[in-house]
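S.K.: Okay, here's the structure, questions in a sec.
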Amino acid sequence: MGAQWKAKHRETAANAKGKIMGKLAKEIQIAAKSGADPDMNPRLRLAIVQAKKASMTRETLERAIKKGAGLDGEAVQYHAVSYEGFAPHQVPLIVECLTDNVNRTVAQIRVLFRKGQLGASGSVTWDFNHVGLIEATPEGDADPEMAAIEAGAQDFEEGEEEGSTLFITDTTDLDAVQKALPEHGFTVTSAKIGYTPKNPVSAASLSAEALAEVEAFLEAIDENDDVQNVYVGLTD
């Protein structure tokens, strides 16, 4: 299911767009803490690209930047926290959150993990690679394999968006690779530090009922307002 799991059919939920916008606004605010000028702030620049792709209004976008940069007198106070454990049937996962109330978030996460198993810090991360993740779309017939080699990526795989490629890098090479990819025919749409599973559970090894339980669990996690990223050790 890729390096970062995405809830299936999330577009069909009535409030899906609002949740997506909320998560994008948080990312913009966090990125803007390092500066409100996207030309000087690569993380903010990419967050803006994603927000525009999701049709965020200019007013909402500018408000998020100002709030994050403290330009409206109200500096953002989000905290990054992560949780790890297992979905049903021992599928490992890492959940990254951005929250303005850690106590509220941990209480909600504990409830969500009742059908799985919430682990202690380090109980699951050892089974994941900590890497740079760059999603990019090709221009014309650009070759992802050649682009990965020339730009210095470790590996590549099919991206989340149709026709896109996910380039995987060392964490220290993330910035250099994302800057190099346009020279090799790819437009970067997102770039971040994240995780890929070392020994993912095969979805084919699960019964239809078991897989449905795993997906229902992951969808509930993904729908939480404080959850930004979900990395799952599950493969097709």
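S.K.: Looking for whichever is without any contact (Cβ under 8 Å) to a residue 60 or more places away in the chain, closer than 25 Å to V227 by Cβ and in contact with a helix residue (DSSP H, G or I) (Cβ under 9 Å, 6 or more places away or on another chain) here; the options are A151, A136. Which one fits? First the steps, then the outcome.
M.R.: Numbers: A151 fails: closer than 25 Å to V227 by Cβ.
Exactly one residue qualifies, and that residue is A136.
S.K.: For E209, indicate whether it is within 15 Å of the chain's Cα centre (by Cα) and of a type outside the set (G, A, S).
M.R.: Values: within 15 Å of the chain's Cα centre (by Cα): no; of a type outside the set (G, A, S): yes.
Here the answer is no, as E209 does not meet what is asked.
S.K.: Which pairs do you get when a residue that is assigned to a loop (DSSP other than H, G, I, E, B), found in segment 183-201, comes within reach of a residue that is open to solvent by 40 Å² or more (accessible area, probe 1.4 Å), reach meaning Cβ atoms under 7 angstrom, with the pair 6+ apart or on two chains?
M.R.: That search, which allows pairs on different chains as well, returns G185/P138; G185/E139; G185/G140; K198/N129; P200/T235.
S.K.: Related question: Out of all the residues in segment 34-66, which are within 26 Å of I221 (Cβ to Cβ) and either surrounded by 13 or more Cβ atoms within 10 Å (Cβ to Cβ) or without any contact (Cβ under 8 Å) to a residue 12 or more places away in the chain (or both)? Steps first, please.
M.R.: Keep residues of segment 34-66 that are within 26 Å of I221 (Cβ to Cβ), which gives 43, 46-47, 49-51, 53-56, 60, 64.
Correct list: R43, L46, A47, V49, Q50, A51, S55, M56, T60, A64.
S.K.: For the condition among the polar types (S, T, N, Q), modelled with pLDDT of 90 or more, surrounded by fewer than 20 Cβ atoms within 10 Å (Cβ to Cβ) and assigned to a loop (DSSP other than H, G, I, E, B), what is the one hit in S123, S82? Outline the logic, then answer.
M.R.: Working: S82 fails: assigned to a loop (DSSP other than H, G, I, E, B).
The match here is S123.
S.K.: Checking H130 against (1) touching a residue at least 24 places away in the same chain (Cβ under 8 Å); (2) farther than 18 Å from N229 by Cα; (3) open to solvent by 70 Å² or more (accessible area, probe 1.4 Å); (4) not in a loop (DSSP other than H, G, I, E, B), only one condition comes out false. Which one?
M.R.: Answer for H130: the failing condition is (2).
S.K.: Condition first: within 19 Å of L24 (Cβ to Cβ), open to solvent by 30 Å² or more (accessible area, probe 1.4 Å) and in a strand (DSSP E or B). Now tell me which residues in segment 85-108 satisfy that. Break it down into steps so the answer makes sense when it comes.
M.R.: Start the filter on segment 85-108 by keeping residues that are within 19 Å of L24 (Cβ to Cβ), which leaves 95-100, 105.
Pick out the ones that are also open to solvent by 30 Å² or more (accessible area, probe 1.4 Å) and you get 96, 100.
Answer for segment 85-108, where residues must be within 19 Å of L24 (Cβ to Cβ), open to solvent by 30 Å² or more (accessible area, probe 1.4 Å) and in a strand (DSSP E or B): just E96.
S.K.: How about segment 133-181: which of its residues are part of a helix (DSSP H, G or I), modelled with pLDDT of 95 or more, open to solvent by 70 Å² or more (accessible area, probe 1.4 Å) and in contact with a strand residue (DSSP E or B) (Cβ under 9 Å, 6 or more places away or on another chain)?
M.R.: If the condition is that a residue be part of a helix (DSSP H, G or I), modelled with pLDDT of 95 or more, open to solvent by 70 Å² or more (accessible area, probe 1.4 Å) and in contact with a strand residue (DSSP E or B) (Cβ under 9 Å, 6 or more places away or on another chain), then E145 is the only one that fits.
The values are calculated or read from the model by the stated rules, or taken from the named source; none is laboratory data. Only a predicted model underlies this, so the values are computations on that prediction, with no experimental measurement involved. Here Cβ is always computed from backbone atoms with ideal geometry, including for glycine, and neighbour counts include all displayed protein chains. Please note that ligands, DNA and RNA were not included when accessible areas were found on the heavy atoms of the full protein model with its side chains. Shrake-Rupley method; radii C 1.70, N 1.55, O 1.52, S 1.80 Å.
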